[in-house]
Amino acid sequence: MIDVPALAPPLIIGLAFLGGALLGWAFFRALRRTTELIIDGDHMLLALALTVGRLALIGAGFYLAALAGGVAILATLAGVLCAKALLLKGARGIGARGIGARGIGARGIGA
């Protein structure tokens, strides 16, 4: 655990939440880019690298939060979930518009 007695708990919670929000934003933006690459069928190695990087980033972020304690983990998780909600709110109706150059409907889902 990180020895942070000098930092006030609200400061730790706030920093963990902000870090979680940034972590979540990066994670879900990379996830969207990965799906675009897979759907388009281009740059599969880049899609694989984004997947590995995404998982490493979220793992490292939560590891750092764990060093600060249980409340920091919860605050980080709350930040990640808020970022996910905001990104999903902005992506509403994406199935109708399509993803990537060819779009989802070009090949059909499950075809």
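The values are calculated or read from the model by the stated rules, or taken from the named source; none is laboratory data. Since the model is a prediction, treat every value here as computed from it, not as a measurement. All Cβ positions, even for glycine, are placed from backbone atoms using ideal geometry, and neighbour counts span all protein chains on display.
The condition of being in a helix (DSSP H, G or I) and over 19 Å from Leu88 (Cα atoms) holds for only one of Gly24, Gly20, Gly53, that being Gly53.
Quick grid of which residues meet (1) charged (D, E, K, R); (2) loosely packed, with under 15 Cβ neighbours inside 10 Å:
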residue	(1), (2)
Phe28	no, no
Arg33	yes, no
Leu48	no, yes
Gly59	no, yes
Tyr63	no, yes
Ala68	no, no
Ile73	no, no
Cys82	no, no
Leu88	no, yes
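Among the residues here, Phe28 qualifies as aromatic (Phe, Trp, Tyr) and within 11 Å of the chain's Cα centre (by Cα). Only one of Leu67, Leu11 is part of a helix (DSSP H, G or I), more than 18 Å from Lys84 (Cβ to Cβ), over 18 Å from the mean Cα position of the chain (by Cα) and without any contact (Cβ under 8 Å) to a residue 40 or more places away in the chain; which? Exactly one residue qualifies, and that residue is Leu11. Listed conditions (1) modelled with pLDDT of 95 or more; (2) over 27 Å from Ala91 (Cβ atoms); (3) not charged (D, E, K, R) are all met by Ala75, apart from (2).
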